[in-house]
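Please read the structure below before turning to the comments.
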Amino acid sequence: MEDTKPKVMQVGSLHKLGVLCGLTAGIWLGAAEAPTKLVNAGFSPFAISLCMVAGVFTARWTFPTLLKGTSYVFADLMEKKHLIVWAILAGALWAVANTLTVFAIRDVGLAIAFPMWNTNALVGILWGRVLFRELQGASAMNIGKVVVGSVFIVIAAVMLGFSTLHGGGANGHHAVGGILAAAGASLMWGTMYVPYRKAYLSGMNPLSFVTAFTVGELLTMFLLTWTLDGGSHSSVFQLAHGRQFLFWLFLGGFVWVIGDLFQQFAAKYLGIGRGIPLSNTNQLWGLAWGALVFGELAQADKAHLMLVLGGSVAMILGALAISTAVASSRENTSTNEALSRECRRYGLDYYRVLAAQAGEEFGGREERRRWWDVVIVILAVGVFVWLGLRAVVPPLEMNLGWMSVLCVLLAVSLAGCGWRLWKQTRFF
């Protein structure tokens, strides 16, 4: 009798793939803010965020449609209907967290706020341990690597954040509110990864998850903009009318989607305790764009430059520690128990879900493209082309040489990690 149990890939192989996805996510997420620097001032942060999320929405629907087709995506969603609400909830949490960062940046500045909300890595470790038994059964050395590595990344974020601070500081009596907003964003973003992990323990494809995620993201962001930014008088309508700026915001959303997709795969293969700290190396790459391309540290003194060097080294060491913390057999047994619990709760097939952890559930599912898939991709590309033809580059000083180097790095990381995913899991 033929054995129906799937062959599952070796743990070490999946760990390396997850690490690669997490580091690639950091590269792309760090670059996502660069296009928004080209948008002139005068528009509210809510308006800018909503337009960027609109670009996210366009790109999120395009990638799954292009790579797998809507037939596959909706079959995956319908097979696990209970996860749709979790995906929408994750999108809503993202929108709330993003809005809190608006107030944090306004009241205490980006240099202080960014490191504070990057503590979401520690929140993720806590939720992963409490809810999904992550690190249970792990050796003391592996626990130390993950925890110490995450703390190093948070410390590095603080150092890199203060390296961009030039005599500014908090804005008076609003400082307490700004700190609370940044802490709230950290809590929301750290909690947002709970639906991620729940979905992937149930065998859902990240491409399907992000399709539902973006619905909650866009609806919540629109609601927040409408209620907190003046309703019909919001500057988002002025921004939409000035189409020369929209392309850069949509481009930022496009770049962010690619980074987030790799972050999803990192959370799938490493868990949120390991995957999220690795993707939080995005601040290192964001600083590279700011310093090398836009010259943000051109006037920095020696003390600030030492903070950059020390923070960069600390972040690299933290990422190195986490990347070498390969899960032991005891820890994988604990993870499988959490997976089994999800299967019993929702009536899922254990062996099929186990295979999904290694990307081996796709062979029997239809991936044939429909005519509307072609229409979706053409419309999405058309939106970007239409906005790009009307885009205007503001007169900002940019180092085109460094911009070219970083763009090449983006392309190489996308091609390399994408090829590894396709070869090993056939996700792509």
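The values are calculated or read from the model by the stated rules, or taken from the named source; none is laboratory data. All of these numbers come straight from a predicted model, not from anything done at the bench. Heads up, the Cβs are rebuilt from the backbone with ideal geometry, glycines too, and the neighbour counts pull from every protein chain shown. Ligands, DNA and RNA are excluded from the accessible area calculation, which covers all protein heavy atoms including side chains. Shrake-Rupley method; radii C 1.70, N 1.55, O 1.52, S 1.80 Å.
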Check: What does the charge add up to near Gly273, with Lys and Arg as +1, Asp and Glu as -1, over the other residues with Cβ less than 9 Å from its Cβ?
Finding: +1
Next item on the list: Over the chain, give the accessible area per residue in Å² for a 1.4 Å probe, as an integer.
Entry: 43
Next item on the list: For the stretch 327-337, take each phi angle, set θ = phi - 60°, evaluate the Karplus expression 6.51 cos²θ - 1.76 cosθ + 1.60, and give the result in whole Hz per residue in order, putting x for glycine and proline.
Entry: 4, 7, 5, 5, 5, 5, 4, 5, 5, 5, 5
Item checked: Crossing angle, helix 45-67 versus the chain [Cα axis fit, 0-90 degrees, rounded to tens] -> 30
Next item on the list: Tally up the carbon and sulfur contribution to the accessible surface of the chain as a whole percent, 1.4 Å probe, everything protein left in place.
Entry: 70
Next item on the list: Mind ranking 309-316, 252-259 by how tightly packed they are, going by the mean number of other C-beta atoms within 10 angstrom, highest first?
Entry: 252-259, 309-316
Check: How far is the Cα center of the stretch 382-400 from the Cα center of the stretch 252-274, in Å?
Finding: 26
Next item on the list: Work out the length of the dipole vector of the chain about its Cα centre, built from +1 on the beta-carbon of each Lys and Arg and -1 on the beta-carbon of each Asp and Glu, and round it to the nearest 20 debye.
Entry: 740
Notebook entry, point to check: Mind ordering 86-94, 73-81, 262-270 by average Cβ neighbours within 10 Å, highest first?
Noted result: 262-270, 86-94, 73-81
Next item on the list: Per DSSP H run of n ≥ 4, the term is -39500 (n - 2.57); total these for the chain, divide by its residue number, and report the mean residue ellipticity at 222 nm rounded to 500 deg cm²/dmol.
Entry: -25000 deg cm²/dmol
Note to self: Can you tell me how the stretch 265-336 classifies by the Cα gyration tensor, rounded, prolate or oblate, using a/c under 1.5 as the rounded cut?
What the structure shows: prolate
Notebook entry, point to check: Using the Cβ atoms and a cut-off under 10 Å, what net charge is assigned to the surroundings of Leu66, where Lys and Arg are +1 and Asp and Glu are -1?
Noted result: +1
Next item on the list: Decide, for the stretch 227-306, between rounded, prolate and oblate: order the square roots of the alpha carbon gyration tensor eigenvalues as a ≥ b ≥ c, take rounded if a/c falls under 1.5, and otherwise choose prolate if a/b is larger than b/c, else oblate.
Entry: oblate
Notebook entry, point to check: Among 20-27, 402-409, what's the highest-first ranking by average C-beta atoms within 10 angstrom per residue?
Noted result: 20-27, 402-409
Notebook entry, point to check: Do any of Lys145/Lys423; Lys80/Lys198; Lys16/Lys268 go past 19 Å between their Cα atoms, and which?
Noted result: Lys145/Lys423
Checklist line | Zero-based 10 Å bins, Cα pair distances in the chain, whole percents | finding: 5, 21, 33, 26, 12, 3, 0, 0
